[in-house]
Amino acid sequence: MVLINPRRFIQFLADHYEIIESLSRMSRFTDTEFREVAPDLDPEDLTRKGLLDFIPETCEYSLHPTVSQLFRELNRKRHLSSGHLTQIHVRKLQVLLEALDRCHRHRMWYEFEVELESLHRAILEINSDVQGNLDAIRRQTGTFRGEPWGGAKKRLAVLGSIWDNQIQPLEGVFVPQGPVDAVLEQIETLLKRAETSVMGNPMAEGNLRHTYFQARRLTRSARDAHMEAIREIRPLYETAKRNEKVATAASALIMGCFENRKAAQPLYAERKNGISHALDGIFGIQSTANDGEERFYTPFSSDEARILLVERYFGYRPAPPPILVKPLHAEAPFVLTEKVVRQALKQEIEIHGPVLDVMAWIIEAFPKAALKDVIRAYGWVVLKWGGKADPVRDAVNRKSGMRIISHPVVSMALPRRST
Amino acid sequence: MTFPVLPRQRDIFEALISGRHMCLEDGELFTALRDNEDDYRALFGGLGLELIVDPRGFFFLNGTRTPANMKDILFFMAILFEYMDEQGYSLEEVVFGSDFYFKDLPHLSHQRYAEVMERAAGVKTLEALRGIVTSMARYRFVVTEADSFRFRIPAHRLFDLIRDAENIQAQNELMESGPDGGDQ
């Protein structure tokens with residue numbers, strides 16, 4: 001185990017930022033994949049330094065969870081996160097409160113501390129999301145206020161996307177007496193009760209007070225950031241809506257001037273309704289970060305991933321996966337082939353013994369088969385493969401009225417032909 | 001029926017009755033009008049005219065003359081808006097925050113726009129283009145300088161005008177009426 005010098009470790013991360021960020025996007029990677037990203041580095045060396053973890057079962061590497069977490073947190077503040085995600089965090093507070101209450105009632109103090117820590121983290125995440133959104137919105141609106149950018153339709157698409165995804169979903173969340181206030185109130189009540197219960201334990205008391213004050217401070221900060229984001233974006237959004245209408249109408253007016261109006265119409269229609277350029281804005285928000293680096297934010301994809309992540313860690317139970325190996329004949333082809341019928345028949349006889357009613361068996365085994373295929377299959381079994389009667393078995397079964405058909409593949413019992 | 005003499009009554013009356021729009025930029029005239037809005041509304045109402053107070057910060061009289069070259073102004077503005085939008089500018093921001101130099105206007109320098117100006121307004125020269133701007137200045141939508149002009153707050157009405165003209169059928173009718181407009 002190599003003793004890691006924190007300063008050098010951080011310096012290494014800074015010097016290889018692009019590489020580490022690329023790796024942080026990959027959950028696992030092979031030696032070859034690693035060398036494609038970082039040809040000058042040795043994965044084993046990085047594993048020794050504690051940056052990578054080696055997974056012997058699959059001979060793959062992954063970024064050390066601490067480093068991944070660090071990058072996720074750093075990147076989160078640079079990205080717009082969905083208001084729906086924040087809503088999930090708010091709901092999560094409610095569940096955590098219930099868990100806290102349960103721990104308190106059963107005097108499970110260790111679990112209580114764990115839940116308290118989760119609660120603290122959830123509040124931090126809410127604040128971090130809202131603050132991150134405010135930063136991203138400010139960067140974006142700063143871009144709009146500066147140099148020419150994109151035209152009315154694209155501006156409207158970007159601003160509309162921010163409004164619909166980041167602002168609108170939180171409408172009502174941060175209002176006085178809204179869900180966040182309700183949660184805060186419950187935290188206060190619970191913590192006061194819990195404080196009484198752990199009297200005499202200075203550390204526990206301190207943690208409780210700390211969490212409560214932090215919750216108050218952070219939610220107030222999140223509320224302020226949200227309101228500030230609204231103040232920042234609303235006037236621009238309203239202006240963009242007006243400008244888009246004017247620009248569209250202006251183009252329509254100009255188009256109307258040309259004799260060949262039919263030819264001009266699609267251009268007008270594209271301008272009026274088209275989304276070709278606007279889509280760039282909807283699915284990504286180009287912005288210049290503080291470091292001057294141009295980035296194309298993709299709130300949709302990153303949010304989806306995060307929502308899934310949060311849901312997963314938040315008691316989400318996915319639906320059972322589809323059954324890949326289906327029961328025999330469940331996907332019987334509509335057009336039966338000899339091979340399929342022969343194989344199924346062989347299996348049926350091996351498992352259940354002779355087939356007494358061939359037609360019934362075919363219908364049951366291949367429910368999706370058309371009537372003509374059923375008859376054809378019946379023909380294969382009875383006429384084509386029926387072969388010669390086995391005199392021995394035929395004799396044995398004579399009394400039962402059955403006829404045993406001997407076949408290179410299978411033997412079967414058939415009703416005796418009337419002669 | 002007698003009306004009290006209102007502050008700057010004569011100047012305000014003359015300005016509004018000739019179709020001008022008044023905003024904060026007009027200084028004392030505007031404040032006199034704003035501070036005596038109700039009295040002025042009654043005054044003009046007595047004459048069968050409606051004083052409009054636009055919430056965006058300007059006054060005008062409804063029912064006064066429409067510019068004879070309203071259609072020219074319409075296409076002039078449409079081209080300016082489309083061009084500015086194509087350049088990536090926020091329209092309200094750029095229109096109210098810029099000086100426009102005649103030599104830089106796209107109306108005659110771009111073939112497509114030049115065609116529109118000729119077809120719709122019969123404008124082929126820079127002088128004719130200046131004429132459109134001068135007529136806008138009469139209504140105080142713009143302030144002109146020797147080689148440039150800038151828009152005043154009442155130019156919001158030009159935005160409204162374009163927005164309302166979106167109906168293609170209306171445009172067609174407008175086109176069929178020919179290049180000459182007329183006083184209302």
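Things worth noting here:
- Only a single item in (1) open to solvent by less than 30 Å² (accessible area, probe 1.4 Å); (2) under 30 Å from the mean Cα position of the chain (by Cα) is not met by A:Asp181, and it is number (1).
- Total residues in the stretch A:135-166, condition open to solvent by less than 10 Å² (accessible area, probe 1.4 Å) and in contact with an Asp or Glu (Cβ under 8 Å, 6 or more places away or on another chain): 4
- Boolean, A:Leu124 is within 25 Å of the chain's Cα centre (by Cα), open to solvent by 40 Å² or more (accessible area, probe 1.4 Å) and not acidic (Asp, Glu): yes
- Taken over the stretch A:225-251, the criterion of being more than 14 Å from chain B (Cβ to nearest Cβ) and surrounded by 15 or more Cβ atoms within 10 Å (Cβ to Cβ) is satisfied by A:Ala225, A:His226, A:Glu228, A:Ala229, A:Ile230, A:Glu232.
Yes or no, residue by residue, for (1) touching a Leu at 6+ places or on another chain (Cβ under 9 Å); (2) in a helix (DSSP H, G or I):
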{"site": "A:Leu85", "(1), (2)": "no, yes"}
{"site": "A:His89", "(1), (2)": "no, yes"}
{"site": "A:Leu93", "(1), (2)": "yes, yes"}
{"site": "A:Leu97", "(1), (2)": "yes, yes"}
{"site": "A:Arg102", "(1), (2)": "no, yes"}
{"site": "A:Arg107", "(1), (2)": "no, no"}
{"site": "A:Val114", "(1), (2)": "no, yes"}
{"site": "A:Glu117", "(1), (2)": "no, yes"}
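- Scanning the stretch B:114-129 for residues that are in a helix (DSSP H, G or I), open to solvent by 10 Å² or more (accessible area, probe 1.4 Å) and either aromatic (Phe, Trp, Tyr) or over 15 Å from B:Ala68 (Cα atoms) (or both) returns B:Ala114, B:Glu115, B:Glu118, B:Arg119, B:Leu126, B:Glu127.
- Pairs where the first residue, in the stretch A:338-362, is of a type outside the set (D, E, K, R) and the second is modelled with pLDDT of 80 or more and open to solvent by less than 70 Å² (accessible area, probe 1.4 Å), C-beta under 6 Å, 6+ apart: A:Val341/A:Ala377; A:Ala344/A:Ala365; A:Val355/A:Trp361; A:Ile362/A:Ala377
- Pair list, Cβ < 7 Å and 6+ apart or interchain, from the stretch A:137-161 residues that are more than 8 Å from every other protein chain (Cβ to nearest Cβ) to residues that are open to solvent by less than 40 Å² (accessible area, probe 1.4 Å) and assigned to a loop (DSSP other than H, G, I, E, B): A:Arg139/A:Ala289; A:Thr143/A:Trp149
To keep it simple, each residue is scored yes or no on (1) closer than 18 Å to A:Gln69 by Cβ; (2) not in a helix (DSSP H, G or I).
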| residue | (1), (2) |
| --- | --- |
| A:Arg7 | no, no |
| A:Leu13 | yes, no |
| A:Ile20 | yes, no |
| A:Leu23 | yes, no |
| A:Met26 | yes, yes |
| A:Glu33 | no, no |
| A:Asp45 | no, no |
| A:Asp53 | yes, yes |
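- Residues within the stretch B:141-163 that are open to solvent by less than 60 Å² (accessible area, probe 1.4 Å) and within 14 Å of another protein chain (Cβ to nearest Cβ), tallied: 9
- Residue identified as farther than 23 Å from B:Cys23 by Cα, at pLDDT below 95 and out of contact with any Cys (no Cβ under 6 Å at 6 or more places or on another chain) among B:Glu93, B:Glu115: B:Glu115
- Considering residues of the stretch A:3-13 that are over 15 Å from A:Leu41 (Cβ atoms) and aliphatic (A, V, I, L, M) only, the residue most open to solvent (accessible area, probe 1.4 Å): A:Leu3
- Within the stretch B:83-110, considering residues that are within 12 Å of another protein chain (Cβ to nearest Cβ) and among the polar types (S, T, N, Q), the one most open to solvent (accessible area, probe 1.4 Å): B:Gln87
The values are calculated or read from the model by the stated rules, or taken from the named source; none is laboratory data. What you see is a predicted model, and the numbers here were worked out from it, not measured in a lab. As a convention, Cβ positions derive from the backbone with ideal geometry for all residues, glycine included, and neighbour counts pool all protein chains shown. Note: areas computed on protein heavy atoms with side chains; ligands, DNA, RNA excluded. Shrake-Rupley method; radii C 1.70, N 1.55, O 1.52, S 1.80 Å.
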